[in-house]
Amino acid sequence: MKIAKTVASARAFCQKAARPVVLVPTMGALHHGHGALIKKARRLAGKDGAVAVSIFVNPTQFGPREDFSKYPRRWENDLAVCRSGGVDLLFAPAVGEMYAKDHSVFVDASSLSQHLCGAARPGHFRGVCSVVARLFLILQPDLAVFGEKDWQQLAIIRRMVRDLTFPVRIVGHPTIREADGLAVSSRNAYLLPAERQAAPGIHDALRRAARGATRAAILKEGRRLIGKIPGARLDYLELVEAETLEPAKNRVRPMRLAVAVFLGATRLIDNIAVSTRS
Ligand code: PAF
């Protein structure tokens, strides 16, 4: 496995690599959710193609009161996950490699960023798009794999690729869950024992609420069930069209029921597919 810390060496590796090059962008602290994305990337690359993983805790996607400095960094663990997953290139640049001190050009996904997490985290998706666009330009992957847990991020990246005509195929990977249903996330490590015990209630609430016959019934039941989770504070619960992220009013196109919940100081997100009206 090649470890590249500079843009020049990562770019040179990908230019020489056999195609397809399949990218898994991450912020490190790799867990078995990332392991599944890497496995998928390995399958897509086949035995001749190359799997590239980027590890970069991207400062521009953190708000001023968010956890950039305390975001977990676990280099030795990350190396082991990448080696055992058959990764060919690990790109781990320092901040100065990705952003000039006076950088001033960003990529923004205006309409899709207004909803869900974008409403509570202004500037977050601008940071995500800006860094993912840079990764695409540096590594020029043929495919890139993103988890469906961050549904809004996935929808926005797809829109960015479409609108800016990046020649990259975006592949979504179903959310990886713990045995009790909790969506696997680096932030789960912040949960206190009682919060960890309560956390599977989020997925359970989504599943049960999604059975509702109408949009209003789904949202009402979801709010009621989340209200019963000990220590939970609802940030948002929305039924949205899967592609546009607009509120799903007539339930004819694919939909996601998406939620953000605070358990103590930790904000967890999750979402599931909801079947259309037959
Ligand atoms: O999902 C993440 O880990 C990050 O938002 C990403 C896509 C690597 C961009 O920094």
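Out of all the residues in the stretch 121-142, which are small (G, A, S) and either under 15 Å from D163 (Cβ atoms) or more than 17 Å from the chain's Cα centre (by Cα) (or both)?
Applying the first criterion (small (G, A, S)) to the stretch 121-142 yields 123, 127, 130, 133.
Selection gives S130, A133.
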For the stretch 15-35, state whether one or more residues are surrounded by fewer than 17 Cβ atoms within 10 Å (Cβ to Cβ), part of a helix (DSSP H, G or I) and either away from the ligand (no atom under 16 Å from the Cβ) or among the polar types (S, T, N, Q) (or both).
-> yes
In the stretch 58-90, the residues that are touching a helix residue (DSSP H, G or I) at 6+ places or on another chain (Cβ under 7 Å) and open to solvent by 60 Å² or more (accessible area, probe 1.4 Å) | F68
Within the stretch 140-154, restricting attention to residues that are more than 10 Å from the ligand (Cβ to nearest atom) and outside any strand (DSSP E or B), which residue is surrounded by the fewest Cβ atoms within 10 Å (Cβ to Cβ)?
-> D142
Of the conditions (1) of a type outside the set (A, V, I, L, M); (2) assigned to a helix (DSSP H, G or I); (3) within 16 Å of G127 (Cβ to Cβ), the single one that G96 does not satisfy is (3)
For G227, state whether it is more than 11 Å from the ligand (Cβ to nearest atom) and either of a type in the set (S, T, N, Q) or within 16 Å of the chain's Cα centre (by Cα) (or both).
-> no
Sole exception among (1) in contact with a helix residue (DSSP H, G or I) (Cβ under 7 Å, 6 or more places away or on another chain); (2) surrounded by 16 or more Cβ atoms within 10 Å (Cβ to Cβ); (3) under 27 Å from R267 (Cα atoms); (4) not β-branched (V, I, T) for D108, by number | (2)
Among (1) more than 11 Å from the ligand (Cβ to nearest atom); (2) over 11 Å from I156 (Cα atoms); (3) crowded, with 19+ Cβ neighbours inside 10 Å, which single condition is R134 missing?
-> (1)
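The values are calculated or read from the model by the stated rules, or taken from the named source; none is laboratory data. Owing to the predicted nature of the structure, the values given are computational and were not obtained by experimental measurement. Using ideal geometry, Cβ is built from the backbone for each residue, glycine included, and neighbour counts are taken over all protein chains shown. These area figures cover heavy atoms from the full protein model, side chains too; ligands, DNA and RNA do not enter into them. Shrake-Rupley method; radii C 1.70, N 1.55, O 1.52, S 1.80 Å.
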